[in-house]
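Engineer: The structure that follows is given in the form of structure tokens.
The values are calculated or read from the model by the stated rules, or taken from the named source; none is laboratory data. Remember, predicted model here, so these are calculated numbers, not experimental data. Cβ atoms come from the backbone with ideal geometry, glycine included; neighbour counts cover every protein chain shown. Accessible surface is based on the protein model in full, side chains and every heavy atom, while ligands, DNA and RNA are left aside. Shrake-Rupley method; radii C 1.70, N 1.55, O 1.52, S 1.80 Å.
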Amino acid sequence: PFGGVHAPISVVRMAVGDAYGAEEWREGDGEDEAAFRTERIERRICRAVAEFAFRLAEDTGAKVFGGPKFTVSPVYEGMLKEEMDAAAERHPGVPYEPQLIDATFALLISSSGDPLVIPALNRDGDILSDLVLPLFGSIAGSESLLVGFGDDYVPTVVLAEAAHGTAPSLQGKNVANPMAMILAGAAVLSYAGADAQQPARAIREACLEAVADGVRTADLAGQAGTSEFTDEVIRRTKQKLEVWSAL
């Protein structure tokens, strides 16, 4: 990892409302012109973000870390902090270290340590994901899950994709890093029932082990192409599943 970070970091981003759902307008002319924006977050969304973050940390042995700028914005951003505190009370066994968002960025860059789960407002989460991925070496290094919740904040819909979006300039050149899409496939399988857990684990391990053994695309200082890396992951995945079935 280029940034020296080895422990997993999960950003739980509020993907609705906030800055990206705001109404914007301008008033006045010349130097007196002013721009306005109305932002909105809802308690049920804040509660879903906080509860999912603590359940994820509970499942993965991680610490819930970070948070919004609740000191400057106690009414607006403070709503997420209130729900984080409430979730911490419901999950007393999960380590909890709330931080202001600016301190969160600084601490991520300056240190590495325990696995982290970071609840975040919409824009904060967008920026955080773009910061966290290069700490491990590449923006193409992780999957992104879009989660819809039912009763008791249990996921009922899960969509997986590459966190970085598309890369049309690399299309057809066989140089793009396919890790994020491969890991997205593993992530979908992890929600597909008991029979899919071993394949999900095999794909994830095969992908990360290939990188660790030096089969890397150019963004990770390697020379493998898209096809070569993908073929290596397929080979390792098949090998793992064959060994596990024999055991």
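Engineer: Quick one: which residue in Leu146, Leu183, Leu189 is open to solvent by 70 Å² or more (accessible area, probe 1.4 Å) and either modelled with pLDDT of 95 or more or hydrophobic (A, V, I, L, M, F, W, C) (or both)?
Structural biologist: Leu146
Engineer: Residue by residue through segment 102-135, note down the ones that are closer than 22 Å to Gly185 by Cα, in contact with a strand residue (DSSP E or B) (Cβ under 8 Å, 6 or more places away or on another chain) and among the hydrophobic types (A, V, I, L, M, F, W, C).
Structural biologist: Selection gives Val117, Val132.
Engineer: If you scan segment 124-138, which residues turn out to be open to solvent by 30 Å² or more (accessible area, probe 1.4 Å) and among the hydrophobic types (A, V, I, L, M, F, W, C)?
Structural biologist: Hits for segment 124-138 are Ile127, Leu131, Phe136.
Engineer: Okay, moving on. Determine whether Asp219 is on the phi > 0 side of the Ramachandran plot and part of a helix (DSSP H, G or I). Give the steps one after another, and end with the answer.
Structural biologist: Values: on the phi > 0 side of the Ramachandran plot: no; part of a helix (DSSP H, G or I): yes.
The answer is no for Asp219.
Engineer: Also: Looking at segment 125-172 only, could you name the residues that are without any contact (Cβ under 8 Å) to a residue 60 or more places away in the chain, within 22 Å of Phe65 (Cα to Cα) and acidic (Asp, Glu)?
Structural biologist: Answer for segment 125-172, where residues must be without any contact (Cβ under 8 Å) to a residue 60 or more places away in the chain, within 22 Å of Phe65 (Cα to Cα) and acidic (Asp, Glu): Asp130, Glu143.
Engineer: Just name the residue that is farthest from the chain's Cα centre (by Cα) out of those in segment 144-202 that are among the hydroxyl-bearing types (Ser, Thr, Tyr) and over 24 Å from Phe54 (Cβ atoms).
Structural biologist: Taking the candidates together, the pick is Ser169.
Engineer: Confirm whether Arg236 is free of Cβ contacts under 8 Å to residues at least 40 places away in the same chain and open to solvent by 80 Å² or more (accessible area, probe 1.4 Å).
Structural biologist: Answer is no for this residue.
Engineer: Ala246 versus (1) in contact (Cβ under 8 Å) with a residue 60 or more places away in the chain; (2) loosely packed, with under 14 Cβ neighbours inside 10 Å: which is the lone unmet condition?
Structural biologist: Unmet condition: (1).
Engineer: When residues of segment 126-166 are filtered for being farther than 26 Å from Val211 by Cα, assigned to a loop (DSSP other than H, G, I, E, B) and of a type in the set (A, V, I, L, M), how many remain?
Structural biologist: Residues meeting the conditions: 1.
Engineer: Only residues that are of a type in the set (Lys, Arg) and surrounded by fewer than 19 Cβ atoms within 10 Å (Cβ to Cβ): list them for segment 1-40, please.
Structural biologist: Scanning segment 1-40 gives Arg26, Arg37, Arg40.
Engineer: Give the residues of segment 200-214 that are of a type in the set (A, V, I, L, M) and surrounded by fewer than 19 Cβ atoms within 10 Å (Cβ to Cβ), sorted by residue number.
Structural biologist: Hits for segment 200-214 are Ala200, Leu208, Ala212.
Engineer: Checking Phe229 against (1) within 30 Å of Ala53 (Cβ to Cβ); (2) open to solvent by less than 50 Å² (accessible area, probe 1.4 Å); (3) outside any loop (DSSP other than H, G, I, E, B), which test does it fail?
Structural biologist: Only one criterion in (1) within 30 Å of Ala53 (Cβ to Cβ); (2) open to solvent by less than 50 Å² (accessible area, probe 1.4 Å); (3) outside any loop (DSSP other than H, G, I, E, B) is unmet by Phe229, namely (1).
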